[in-house]
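S.K.: My questions will all concern the structure given below.
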Amino acid sequence: MIAYFNGTYLPREEISISPDDRGFLFADGLYEVIRAYNGRLFKTGGHINRLNHGAAHLNLGIRDFSYLSEVARQLLEKNGLTADATIYFQVTRGAAPRGHAFPEPSPEPTVFASASPFDPAPTRLNMEKGIGVILVPDQRWARCDMKTVGLTANVLANQQAKEKGAKEALFVRDGVILEGTHSNFMAVMDNCLVTAPASNYILHGITRKLVLALCAENDIPHREAPVFATDLPGLTEAFITGTTTEITPVTAVDGSPVGSGLPGPVTRKLQKAFAARIEEDCGKQA
């Protein structure tokens with residue numbers, strides 16, 4: 001596969017990253033994953049804006065990554081990806097002698113991007129049947145609004161979910177269900193869709209934002225407010241959202257059913273609206 005590395009397109013296996021790269025040494029970097037349907041990128045601008053947000057807060061040497069939109073398009077073309085695909089971006093502070101403080105002078109950031117075919121079948125199966133999740137204590141740092149490559153807590157939580165036969169782990173902080181290891185969380189209670197407010201404790205998901213917009217367009221009551229673990233018995237529906245998970249129903253939490261234990265009507269309505277938006281932006285799915 002052809003990848004992008006610091007301004008050049010070349011075979012992925014030819015890329016070499018310095019062992020002094022701060023992404024390798026300190027997880028001093030950011031990443032994004034963009035979805036393509038029918039060879040067309042979906043919601044690229046939101047992902048680039050979030051990357052720029054993180055770059056500004058990490059004080060990277062580059063703050064505007066708008067040029068990566070064209071890089072993503074080129075990667076799809078160069079790799080002949082005309083169906084479902086993902087584009088992965090990773091940006092680090094760059095290579096410098098090891099030291100915790102920012103190196104001076106500031107090194108040139110390392111910018112990597114790759115494209116991969118994406119098999120939508122597992123996601124579609126989960127979207128149809130729903131998934132089970134577990135709750136775990138949130139042991140992450142307090143700047144989850146930046147999509148950094150420091151994902152150790154997410155990895156450990158997701159492995160815990162896998163070992164328990166679940167598909168996702170939801171982080172709980174001070175009794176509030178915040179989000180998943182690679183997804184945002186939404187619930188329906190008292191006929192209203194509720195999701196944790198956008199703050200430094202959750203990633204401001206691109207799909208999350210679209211789902212809230214679809215709620216407004218489809219007259220679905222919704223609000224951003226805490227969903228407490230103690231609220232679980234009163235939930236009638238729940239689902240996770242994400243670039244690769246889209247809108248996936250959560251039918252059980254820690255082995256206990258959510259509502260009827262089946263995907264609910266609000267979830268189905270939003271799935272249909274989401275699919276229509278994909279078709280509008282990218283063409284009809286196969």
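S.K.: Quick one: Debye curve from the alpha-carbon atoms of the stretch 45-113 only, equal weights, vacuum; give me log10 I(q)/I(0) at q = 0.20 Å⁻¹ to two decimals.
M.R.: Relative scattering, expressed as log10 I(q)/I(0), comes to -0.85.
S.K.: Where in the chain is the longest stretch that carries no trypsin sites (Lys or Arg not before Pro) classed as loop by DSSP and with at most 16 other Cβ atoms within 10 Å?
M.R.: It runs 165-283.
S.K.: Can I ask one more? Taking the Cα centre of each part, how many Å lie between the stretch 113-145 and the stretch 150-183?
M.R.: Going from one Cα centre to the other spans 10 Å.
S.K.: Restricting to DSSP H runs of at least four residues, report the calculated mean residue ellipticity at 222 nm for the chain, -39500 (n - 2.57) per run over all residues, nearest 500 deg cm²/dmol.
M.R.: Result for the chain: -9000 deg cm²/dmol, rounded to the nearest 500.
S.K.: Over the alpha-carbon set of the chain, work out the extent along each principal axis and list the three values in angstrom, largest first.
M.R.: 56, 42, 34
S.K.: Taking only complete DSSP H runs, can you tell me which helices of the chain stretch 20 Å or more along their own long axis by Cα positions and average at least -1.0 on the Kyte-Doolittle scale?
M.R.: What comes out of the filter, once short or polar helices are dropped, is 44-58, 265-282.
S.K.: So in the stretch 123-282, what percent of DSSP beta bridges are antiparallel if you round to the nearest 5?
M.R.: Taking every DSSP beta bridge within the stretch 123-282, about 65 percent pair in antiparallel fashion.
S.K.: May I ask for log10 I(q)/I(0) of the stretch 190-286 at q = 0.18 Å⁻¹, from a Debye sum over the Cα atoms as equal point scatterers with solvent left out?
M.R.: Debye intensities relative to I(0), on a log10 scale: -0.89.
S.K.: I've got another one for you. Specify the longest stretch of the chain that does not include any exposed loop site, a site being one of the chymotrypsin sites (Phe, Trp or Tyr not before Pro) with a non-H, G, I, E, B DSSP assignment and at most 12 other Cβ atoms within 10 Å.
M.R.: 142-286
S.K.: Right, another one. So which residue, out of Ala166, Ala36, Ala142, gets the largest mean-square fluctuation from a GNM of the chain using Cα contacts under 10 Å as springs?
M.R.: Per the Cα network of the chain with a 10 Å cutoff, Ala142 tops the list.
S.K.: In addition: Please go through the residue pairs Lys78/Lys284; Lys43/Lys272; Lys78/Lys209 and name each one whose alpha carbons sit more than 29 Å apart in this structure.
M.R.: Flagged as over cut-off: Lys78/Lys209.
S.K.: So which GluC sites (Glu not before Pro) in the stretch 1-37 are both in a DSSP loop and have at most 13 other Cβ atoms within 10 Å of their Cβ?
M.R.: Passing sites in the stretch 1-37 do not exist.
S.K.: Moving to a separate point now. Could you work out Rg/(2.2 N^0.38 Å) for the stretch 2-118, with Rg from alpha carbons only?
M.R.: 1.07
FYI, it's all coordinate maths here, none of it is from the lab. None of these values were measured; they are calculated from a predicted model. Virtual Cβ from ideal backbone geometry, glycine too; neighbours counted across all protein chains shown.
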